[in-house]
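Report on the structure given below.
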Amino acid sequence: MKKFQTTIASAFAAAALVAGCQSMSTDGPKANAMLAPTKGSNVRGAVTFVEAGSKVRVIAAVNGLAPNGEYGFHIHEAGDCSSGDGMSAKGHFNPQGKPHAHAGASERHAGDLPSLKSDANGNATLNTDLDIITVSPGPTSVIGRGLIVHAQPDDFKTQPTGNAGARSACAVIQRAG
């Protein structure tokens, strides 16, 4: 348990450091997600969501990944990680009924996030600004949704999932503060 707490504290510290180095305001509504491993996985981490204007900054620090890999990363419909394999989080968060695509595409699921890319030590960070989603209440709010790290890369083509494989870590996105 001590190792887990140290890992999570390190993940939040890394996320805060990355956030502090950016120019986007961090005064808007915030949410956090603590990624916990699914059965048979060691993947865990911390993710923050900060809304500023029409964008949400997503800052992630994830560890326990295989070195030098790419992994699908998505917001899912249900904030439920009870199944042990992440399947209780259901499908991708898609309130607008769009096709699955890369986070930079104009037509995509609200839950489509950029892939995580691990370094030689199996750690990944992400710092990106996204439209479509909000932290504020509304149909595209991420509060109460699931967050999933997948075991394989997202191909950004296969509908509706991106063929990203099993679910390695799961979290529930919760309002911060």
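Per-residue 3J(HN,Hα) values for the range 57-74, derived from phi via the Karplus relation 6.51 cos²θ - 1.76 cosθ + 1.60 with θ = phi - 60°, read 7, 10, 10, 10, 10, 10, 9, x, 7, 5, x, 6, x, 10, 9, x, 9, 9 Hz in sequence order (x marks Gly and Pro).
The distance from the alpha carbon centre of the range 132-163 to that of the range 38-64 is 12 Å, rounded to a whole number. Note on the range 90-167: Kirkwood hydrodynamic radius from all Cα pairs is 13.4 Å, rounded to one decimal. Here the Gaussian network model covers the chain, with springs between Cα atoms less than 10 Å apart; of G162, G40, G111, G40 fluctuates the most. If only the Cβ of Lys and Arg carry +1 and only the Cβ of Asp and Glu carry -1, the dipole of the range 2-175 around its Cα centre is close to 400 debye. Measuring nothing but how far apart in sequence close Cα pairs (under 8 Å, 6+ apart) lie, relative to its length, the chain scores a relative contact order of 27 percent.
Note: the range 2-175, Cα convex hull, 104 Å³ per residue. Under 19 Å Cα-Cα from K117, which aspartates and glutamates qualify once same-chain neighbours fewer than 8 residues away are excluded? Candidates past the 8-residue exclusion: E70, D129, D154, D155. For the range 125-135, backbone phi angles converted through the Karplus equation (6.51, -1.76, 1.60; θ = phi - 60°) give residue-by-residue couplings of 10, 9, 9, 9, 9, 10, 9, 6, 7, 9, 9 Hz, Gly and Pro being listed as x. Each other residue within a Cβ distance under 12 Å of A169 adds +1 if Lys or Arg and -1 if Asp or Glu, for a net charge of +2.
Quick note: the coordinates plus some simple rules give every number you see, no bench work behind them. The structure presented is a predicted model; accordingly, all values stated were derived computationally and were not measured. Note: ideal-geometry Cβ built from the backbone for every residue, glycine included; neighbour counts use all protein chains shown.
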